[in-house]
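See structure below.
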Amino acid sequence: MDLSKRQYNRRFRMLRRIAAKADTLEVEREKRRLLLIAVTGFGARVPLERFVADPDAACFVAYYTARRKLRREFSLSGRDNPFDEIAEVLLRRCGDDADWWMIAQVRPTRDVLDRLTDGERGRLLGQWSAVMRHTARLLGRRWRPAMDRTTMIVRPGDDSSTWNSLAGAYNAARAGWLACLAALDALELLDVSCPGKAMRLMAADLAAWHRSTGGDVDPGTRVWAALPPPWEVLDGTASCTRADVEAACRTAGLDPEKSGWTAPAPKRRVAVFRPTPELVHGVAVADPVWAALLRRAGVFSGRTVRPDLAPDALRGLQGGVVTGDLPPIVETN
């Protein structure tokens, strides 16, 4: 070799550092891909040509995925159904000739899957199954023996952000997988193997707040703790059948079908549309004056929407004309 020992060692160390950074970058890219699947399904895979070919389906896909990507709020009430009144109107505009395959990429529910062919439903089933198996394997690598499955409260050393992102992707893939099985009338396959859900890690302060209001550990966490981990079920290390899941659900006081453990989750009530803090932030970027009028009208107060004032305030601000007396300015972050 036409290199000194010192120069060779320097180059070897540099290549080793670059390889380590490349591995880290690939892991982060994979986490981002799974995060998108958790909140949008396979919407990110829809090619632009197909998206613009059907404006009605594209409007629904764009709005519904945006609703699913709203940030979670620090509360005990959970998050609203992303399928709200606006999404319902947009979905009704999609007729028989709409691109239902594209819609099924982001909303794999029975009413959408029934419009697909058996071949399309089988293909979608395979996609969800592959994501579920891959994500479960990543969850198994992230699991630490020190993590308490009975409470799922974050402890020092836990990477809760990564775990929750992977758990969200796994649960979304599992829900899509169950929906496809139901659409194909193949739920009897769960009699042989029925991997359970993956619970998210909860912040200790949120858990304490929940206990202070008289709450307890979520019943789903008890089911999760009683069943083998999903990564062991999917790689064949452990066995978990529908009968096992149903027994664990009964012990925890849950209906296995209505809670989404052995069947697709039941249809939720359509959420009422309400403006969000993200909406007023977008307005502030495009038109700070309009955003100031919205705040002055009391439509938003901090991170909370004031539904009692929102309709009247918005009617008074239509066309950029302020009418009537406005409430005092409310300071917002």
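The values are calculated or read from the model by the stated rules, or taken from the named source; none is laboratory data. Just so it is clear, the structure is predicted and the values come from calculations on it, not from any experiment. Every residue, glycine among them, receives a Cβ derived from its backbone with ideal geometry; neighbour counts consider all protein chains shown. Side chains are part of the model used for accessible areas, which takes the heavy atoms of the whole protein and leaves out ligands, DNA and RNA. Shrake-Rupley method; radii C 1.70, N 1.55, O 1.52, S 1.80 Å.
Restricting to segment 253-270, name every residue that is small (Gly, Ala, Ser) and open to solvent by less than 20 Å² (accessible area, probe 1.4 Å). Before the answer, list the steps.
Step one: list which residues in segment 253-270 are small (Gly, Ala, Ser), which gives 253, 259-260, 263, 265.
Matches in segment 253-270: Gly260, Ala263.
For segment 108-133, a residue qualifies if it is among the acidic types (Asp, Glu) and without any contact (Cβ under 8 Å) to a residue 60 or more places away in the chain, and the qualifying residues are Asp111, Glu120. Counting only helices (runs of 4 or more DSSP H) that sit wholly inside segment 1-98, those with at least 3 residues that are touching a Leu at 6+ places or on another chain (Cβ under 9 Å) are 5-40, 55-68. Right, Ala53: surrounded by 14 or more Cβ atoms within 10 Å (Cβ to Cβ) and either free of Cβ contacts under 8 Å to residues at least 60 places away in the same chain or over 16 Å from the mean Cα position of the chain (by Cα) (or both) or not? No: the conditions fail for Ala53.
Rundown of residues vs (1) over 28 Å from Ala243 (Cα atoms); (2) open to solvent by less than 20 Å² (accessible area, probe 1.4 Å); (3) among the small types (Gly, Ala, Ser), yes/no style:
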site	(1), (2), (3)
Arg123	no, no, no
Thr135	no, yes, no
Ala146	yes, no, yes
Asn164	no, no, no
Arg174	no, yes, no
Leu187	no, no, no
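Of all residues assigned to segment 39-51, none qualifies as being in contact with a strand residue (DSSP E or B) (Cβ under 9 Å, 6 or more places away or on another chain) and either more than 18 Å from Ser165 (Cα to Cα) or not acidic (Asp, Glu) (or both). Name the pairs whose Cβ atoms lie under 8 Å apart, with the first residue in segment 28-46 and at positive phi, the second buried (at least 20 other Cβ atoms within 10 Å of the Cβ) and assigned to a loop (DSSP other than H, G, I, E, B), and 6 or more positions between them or separate chains? Filtered contacts from segment 28-46: Gly41/Arg107; Gly41/Pro108.
Taking the condition free of Cβ contacts under 8 Å to residues at least 40 places away in the same chain, charged (D, E, K, R) and crowded, with 16+ Cβ neighbours inside 10 Å, does Arg93 pass?
Working: free of Cβ contacts under 8 Å to residues at least 40 places away in the same chain: yes; charged (D, E, K, R): yes; crowded, with 16+ Cβ neighbours inside 10 Å: no.
So Arg93 fails the test.
Considering Arg115, Arg137, Arg141, Arg133, the condition of being out of contact with any strand residue (DSSP E or B) (no Cβ under 7 Å at 6 or more places or on another chain) and part of a loop (DSSP other than H, G, I, E, B) is satisfied by Arg115 alone.
Which residue out of Gly220, Gly215, Gly196 is touching a Pro at 6+ places or on another chain (Cβ under 9 Å) and not hydrophobic (A, V, I, L, M, F, W, C)?
None of the other options fit; the residue is Gly196.
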